[in-house]
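The values are calculated or read from the model by the stated rules, or taken from the named source; none is laboratory data. As the structure is a prediction and not an experimental result, all values here were calculated from the model. Using ideal geometry, Cβ is built from the backbone for each residue, glycine included, and neighbour counts are taken over all protein chains shown. Just so you know, the surface numbers come from the protein's heavy atoms only, side chains and all, with ligands and any DNA or RNA stripped out. Shrake-Rupley method; radii C 1.70, N 1.55, O 1.52, S 1.80 Å.
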Amino acid sequence: MTSPIETEGGGASAVVSGALPPEPGTQAVELAGRSPGRLMWLRFRRDRTGVICAVVVIGYFVVALLAPLLAKLPGTDPYTLYGQDPTYADHPVLDEFGLPLGYLGGVSGEHWFGVEPQYGRDLFAMLLYGMRTSLYMALGITVLIMFTGVVIGLVGGYFGGRTDYWIGRGTDFFLSFPQQLFFIAFMPVVTSFFVDPREETPTYFRAVAMLIVLWLLGWMGMARLVRSTVLSLREREFVEAARVSGASPWRIVRKEILPNVVTPILVQFTYQLPSTILSIAFLSFAGVGFVEPTPDWGRLFAAGARYAEQDPAFMFFPGVALVIFVLCFNLLGDSVRDAFDPKSGR
């Protein structure tokens, strides 16, 4: 039988059903000792989908980092032409038509994901090195995009007035450029200025050009998101109290406003990174990003498009790897958003 028991301090009643009540103050101390970050982590840890996706995403970055070591397991590399190098004539991987021998694009104990038609390069090694190129390039670009967007959004949202007006017009100006189409037109012009037409464009130059263009034309969404959040925060009571107490604008932004925009920043980061990877892949697919012999996810798809009729299996492993990564990162973004949202029922 249940009976209400009045607590000593607050006059509220609790219903006890066959169990002894906790010691006074134990539950209150436990809840009061949990920071917002701790509560977010507890909510995220209960989300099995988010945890699994986080493990998968981290695994991708680890695999990309260890690409040279993993490629040594079958004893291959992404640059050797196993179908044309006389050194490997005793172990042919291509037939007389230049197509892979065996099933699923030439899968074997030496070539785990098969080989590339016409050249015989190992697809497993190409995919590992291509993941490293795409992931870490996209990570650097995304960090620059987020940093630039956060700074510009904080300045425009907090100071407002003419500062916000001119920052807004500058943001609108950059938004008028179609990012990927502009890069396709921009690359030949830059190449003609800095690279001799008789020479091949260096890989580092292509990487720097992609980084600059994707960065300059990618920060606007983050800036608008942060600006809108800061506009609602700067009129809140705790900001007014800090301003009345004589705190400098830098201290108010750093101590009062910035911690409250961490949530949209992290959530936007989880959506921006896979989007950047797809942009890099598109540029390589279009022929203005990374080119031969640099391994890259987009270049693998470009090669697969050429071999689709003769060897459709060549597209299988790169396609599955990219779909899994983008899907897991998007699901991870949803889980992070729900973990930060106290109203979420997940």
> Long-range amide H contacts for LEU94: which residues qualify at under 5 Å (H placed 1.01 Å from N, peptide plane, sequence gap of 5 or more or a different chain)?
Replying inline: LEU101
>> If you count only protein heavy atoms with a 1.4 Å probe, what accessible area per residue comes out for the chain, rounded to a whole Å²?
In response: 56
> With Cβ to Cβ distances under 12 Å as the rule, what net charge do the other residues near PRO295 carry (K, R +1; D, E -1)?
Replying inline: -2
> Given that compact globular proteins tend to follow 2.2 N^0.38 Å, what is the ratio of the alpha-carbon Rg of segment 68-188 to that value?
Replying inline: 1.75
> VAL151 versus ARG45, label points 7 Å from Cα toward the beta carbon: distance in nm?
Replying inline: 3.6
> Listed highest first by mean packing, meaning other Cβ atoms within 10 Å per residue, what order do 172-183, 258-269, 107-118 come in?
Replying inline: 107-118, 258-269, 172-183
> Carbon and sulfur together cover what percent of the accessible area of segment 228-289 at a 1.4 Å probe radius?
Replying inline: 60
>> Within segment 113-165, what whole-number % of the accessible surface is contributed by carbon and sulfur, with the 1.4 Å probe and all protein chains included in the calculation?
In response: 68
>> For a test of the definition: using alpha carbon positions, the gyration tensor, and the 1.5 limit on a/c, classify the chain as rounded, prolate or oblate.
In response: oblate
> So between ASP172 and VAL326, what do we pick up on full extension, going 0.36 nm a residue minus the alpha carbon distance?
Replying inline: 52.6 nm
>> Amide H of GLY218 versus every other amide H placed in the peptide plane: which residues, excluding those fewer than 5 positions away on the same chain, fall under 5 Å?
In response: none
> Relative to the longest principal axis of the chain, what angle (0 to 90°, nearest 10) does the C-alpha long axis of helix 48-65 take?
Replying inline: 40
> At what distance in nm do the modelled label points of ARG306 and LEU65 sit from each other, each positioned 7 Å from its Cα along Cα→Cβ?
Replying inline: 3.4
>> Under 20 Å from a point placed 7 Å out from the Cα of TYR204 along the Cα-to-Cβ direction: which residues of segment 271-309 have their backbone N that close?
In response: 289-296
>> Quick check: the distance between the Cα centres of segment 276-346 and segment 101-142, to the nearest angstrom?
In response: 14
